[in-house]
Amino acid sequence: MIDYEFLNQIRQNIREKKDAIATLRNRRINSNPYYYGRLLNSLRHIIPSGARVLNIGCGTGYILNQLKPEYGVGVEASAEQIKIAREKYPELEFHDQYLDNTQVTGVFDYIVISGIEDTVDVKAVFDSIRPNCGRHTRIIVNYYNYLWQPLVTLAEKCRMRIPQHVHNWFSDPDIANLLQLSGFDKINNIKIILFPFYIPLLSTLIDRFLARLPGIRNLTMTRLTVARLKPASNKREYSVSVVIPCRNEAGNIEDAVKRVPQLGSHTEIIFCDDKSTDGTPDIVRSMQKKYPDKDIKLVNGPGICKADNVWTGFDAATSDILLILDADLTVIPEELPYFYEAIASGHGEFINGSRLVYPMHDEAMRFCNIIGNKFFSTFFSYILDTEIKDTLCGTKVLWRDDFEKVKKLRGHWGIKDRWGDYELIFGAAKNHLKIVDMPVHYMERTYGETKMTNRFKNGWIMLRMCMVSLFKIKFH
């Protein structure tokens, strides 16, 4: 906390004003259930019940209590508001502290930061929560769109909103920059609430659908920026499981074994054979004998689809990091170290291969596939508020413990994903993992035949999944 006399005086004035309006705060919440209901709907979409939650700027504890945490801690710079919170929610823990000098012990799953418009030093707020963050912690910063400044000021003058002592008005880049300066990494920015008053049907139509449309969403009143703590640089090596789903890929097995490089502290190569009829399993077993220095495993897939085959390989994996490499080797194994470096260094938590950056080799991807992929990439980027360049590249990398969270959402998207790409991307986005695209060189297969034979049928399945996810992620 910056120890300047005039800043300390402002802090004291803010505290006195918050004490004076402590009872009024609950009445304001009760008189505007629609706004707080929409805000809670979005917060619950990010924060599951039963989590460890720290709420900076908790007021009288209403939002924190509604999130139903297993362990909840609230911080507010007001003795009177904290007194009310403790009386109303004795099962939760509350502290009377300045928001920009928070001193709470413990690591939390989620940290919700509110009230930064009335906080002296916002960067100090972000700095003070660093000890409360682990690798999986997600920070949610709740603030107003600066375009609403005239209306908010008018609402205060008309006694429709609790007046504030100071007004910090931030743009989205301002918040992202302050987070970055404090050692945090923005994941995405969610724009909500275009009409903060309740009119039956009309309010739902405006805020659930109209407010989420491109262009119009930039006019919404409230912002939720989701971030994570940037990983500290370290030279630790992690173990890697390279999962290679295969069906009738006998001619590619030895090439894959020879070309998959050593990654991290240990590399296990898991061939997931999906009921091949060309002797693929026998080739894998011969590779185990021929290359005893390599950790090669053979797993029998269920013979249903590629997605189930990949899940089988993931379940059999024992390493820290899970990496998918298609057995056709159209994504060259020599580029796998790029994926390892990206995730091990903390640049991302879900590394998604992108084949649409470099020129492709000959007929590696047909024209219709390129057009379809670009369409779905644009659709995905809109749904997830995250730039996705290529949705169907088979090479994807994530932490094994993150996969356990993604796994819980399997089958959540309305229709079975036969390839698994969408399940992984949607699951990663729903868990607010940091998604990073990795450009790869895409080559033409040299052995066997493509398994994606009915492109239009598969495109229809993908479109249906996107429509379901649109309502479950964007229009929730």
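Which values, in whole Å and largest first, are the semi-axes of the equivalent ellipsoid of the chain obtained as the square root of 5 times each eigenvalue of the Cα gyration tensor?
Equivalent ellipsoid of the chain: 48, 24, 18 Å, largest first.
Let me know the charge dipole size of the chain about its Cα centre in debye, to the nearest 20, where only the beta-carbon of Lys, Arg (+1) and Asp, Glu (-1) is charged.
Numbers: 62 positive and 56 negative charges, 325 e Å.
Dipole of the chain, to the nearest 20 debye: 1560 debye.
Could you tell me which of 197, 218, 250 has its Cα farthest along the dipole of the chain towards the positive end, charges placed at Cβ (Lys, Arg +1; Asp, Glu -1), taken about the Cα centre?
About the Cα centre, the residue reaching furthest to the positive side is 197.
Among 152, 54, 181, whose Cα projects farthest towards the positive end of the dipole of the chain, with charges put on the beta-carbon of Lys, Arg (+1) and Asp, Glu (-1)?
The residue sitting farthest along the positive end of the dipole is 152.
Hey, what do the phi angles of the range 314-321 turn into as Karplus ³J(HN,Hα) couplings, whole Hz, using 6.51/-1.76/1.60 and θ = phi - 60°, x for Gly and Pro?
4, 5, 8, 6, 10, 8, 5, 10
Please turn the phi angles of the range 285-297 into ³J(HN,Hα) values with the Karplus equation 6.51 cos²θ - 1.76 cosθ + 1.60 (θ = phi - 60°), one per residue in order, whole Hz, x for glycine and proline.
Result, rounded to whole Hz: 5, 5, 5, 4, 7, 6, 10, x, 6, 9, 8, 10, 10.
Applying the Karplus parametrisation 6.51 cos²θ - 1.76 cosθ + 1.60 with θ = phi - 60° to the phi angles of the range 268-284, what ³J(HN,Hα) value in whole Hz is obtained for each residue in order, glycine and proline being reported as x?
10, 9, 10, 8, 9, 7, 9, 6, 5, 10, 10, x, 3, x, 5, 5, 4
Computed from the coordinates by the stated procedures, all read-outs in this text should not be read as laboratory data. What you see is a predicted model, and the numbers here were worked out from it, not measured in a lab. In this analysis, Cβ positions are derived from the backbone assuming ideal geometry, glycine residues included, and neighbour counts consider all displayed protein chains.
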